[in-house]
Structure formats: C-alpha cells, structure tokens
Amino acid sequence: MAKKSKKSAGTPATVALTAAGVAFTTHSYEHDPAAASYGEEAAEALGVAPEQVFKTLLAEVDGALTVAVVPVSGSLDLKALAAAVGGKRAAMADPAAAERSTGYVLGGISPLGQRKRLRTVVDASAEGRATVCVSAGRRGLEVELAPADLVALTGALLAPIARG
C-alpha cells in the first residue's frame, strides 16, 4: 500500500521542488527488486493509471545526453525524440553514463534535481492531465505534481515522443 506524505523526502528532486515553492505530494511504496518494470510497479502500488505515471529515460541524441519523460504505459519513440530536439539520430544512453550524469540510480532517475541540467522533453500527453507522477529520486518514491510545473522546473519541451 502506498503512503502519502506532504513532506519532502529529502532527495535532490524533492529539495528542488521545495526550493522552487512548487506544490507536490510524495508517494512511497515498498520496491520489489524482482519487479519487471519500475514504472508499472509504481502505478500499481499507487493505485493510479499507468498513463499518469511517467518514466524518465536517458538517450543520446547526436551524442548529447537528453532526458525523455514518457508514460509507463508506452515506450519512447527515439526518432520522435531526435526530431523534437532538432537532432538526426537517437539511441538509448549507456546506463552508467545516465547514472553518472543524473546522480541517480536506474529505476530511480528523476527528471528533477539532476546533477547536470540536461535537455529534457516531456511527452505531450502530460499536458492534458491535472497531475503526473515521476520518480522522486529513488526506487519506491514518486512525486506527484502538475505537468506545467514539471515542464517549468526542467526547462522541458513538450512533444509527442511516446508510442503505444
């Protein structure tokens, strides 16, 4: 069962949200290391539709690390991501490079409070939602916030980058 809390959980993501004065709610749950999908596990634990929970993926677009935030119910369209940022080629980033650059571990990478500010694209489907959930910076911890706040705090571009 997920626990709700209005307090900051103390990750770089929640610290950034608190510092920005953005309204958010943290949701924690017991992470199962055997879970096949971190995002689907989060949606199930929180009791929300997978379309409301967004996963944070890192790709290399023309050699530059780029953050893609897409619903866990779909997958990242690499061609659409490249096009959204004016690039030609995109491929998933090396996991070690993703962890080094963001300061987070896989399965807990948040688009917020990353060590280095990277180019970020949020799937356009977020725009029509009252709130979305993204990783709060560790496995088993999500943060729920308005999509406009997510876009503003990450300097993201909204574009149709998910499929499925």
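The values are calculated or read from the model by the stated rules, or taken from the named source; none is laboratory data. What you are looking at is a predicted structure, and each value in this text was computed from that prediction instead of being measured. Glycine gets a Cβ as well: all are built from the backbone with ideal geometry, and neighbour counts include every protein chain shown. Quick note on the areas: whole protein, heavy atoms, side chains included, nothing else; ligands and nucleic acids left out. Shrake-Rupley method; radii C 1.70, N 1.55, O 1.52, S 1.80 Å.
Listing for the model above:
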item: Options 14, 26: the member that is part of a helix (DSSP H, G or I), under 21 Å from residue 156 (Cβ atoms) and either touching a residue at least 60 places away in the same chain (Cβ under 8 Å) or not charged (D, E, K, R) (or both); result: 14
item: Residue selected from region 122-149 under the condition within 10 Å of the chain's Cα centre (by Cα) and of a type in the set (Val, Ile, Thr), by the criterion farthest from residue 103 (Cα to Cα); result: 132
item: Count of residues meeting criterion [small (Gly, Ala, Ser) and open to solvent by 40 Å² or more (accessible area, probe 1.4 Å)] in region 35-58; result: 3
item: Any hit, region 18-29, residues being of a type outside the set (Phe, Trp, Tyr) and within 16 Å of residue 105 (Cα to Cα); result: no
item: Number of the condition not met by residue 123 [criteria: (1) among the acidic types (Asp, Glu); (2) within 14 Å of residue 55 (Cβ to Cβ); (3) open to solvent by 50 Å² or more (accessible area, probe 1.4 Å)]; result: (3)
item: Hits in region 100-111 (condition: open to solvent by 50 Å² or more (accessible area, probe 1.4 Å) and either of a type in the set (S, T, N, Q) or in contact with a strand residue (DSSP E or B) (Cβ under 6 Å, 6 or more places away or on another chain) (or both)); result: none
item: Any hit, region 91-99, residues being within 20 Å of residue 46 (Cβ to Cβ), assigned to a loop (DSSP other than H, G, I, E, B) and open to solvent by 10 Å² or more (accessible area, probe 1.4 Å); result: no
item: Identity of the residue in region 59-89, open to solvent by 20 Å² or more (accessible area, probe 1.4 Å) and either acidic (Asp, Glu) or part of a helix (DSSP H, G or I) (or both), that ends up farthest from residue 39 (Cα to Cα); result: 62
item: Residue selected from region 126-137 under the condition surrounded by 20 or more Cβ atoms within 10 Å (Cβ to Cβ) and out of contact with any Pro (no Cβ under 7 Å at 6 or more places or on another chain), by the criterion farthest from residue 52 (Cα to Cα); result: 136
item: Boolean, residue 99 is without any contact (Cβ under 8 Å) to a residue 12 or more places away in the chain and over 23 Å from residue 79 (Cβ atoms); result: yes
item: Residue 85 hydrophobic (A, V, I, L, M, F, W, C), more than 20 Å from residue 27 (Cβ to Cβ) and touching a Lys or Arg at 6+ places or on another chain (Cβ under 8 Å); result: yes
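Per-residue answers, yes or no, for (1) among the charged types (D, E, K, R); (2) under 26 Å from residue 17 (Cα atoms):
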residue	(1), (2)
55	yes, yes
61	no, no
89	yes, no
92	no, no
100	yes, yes
112	no, yes
119	yes, yes
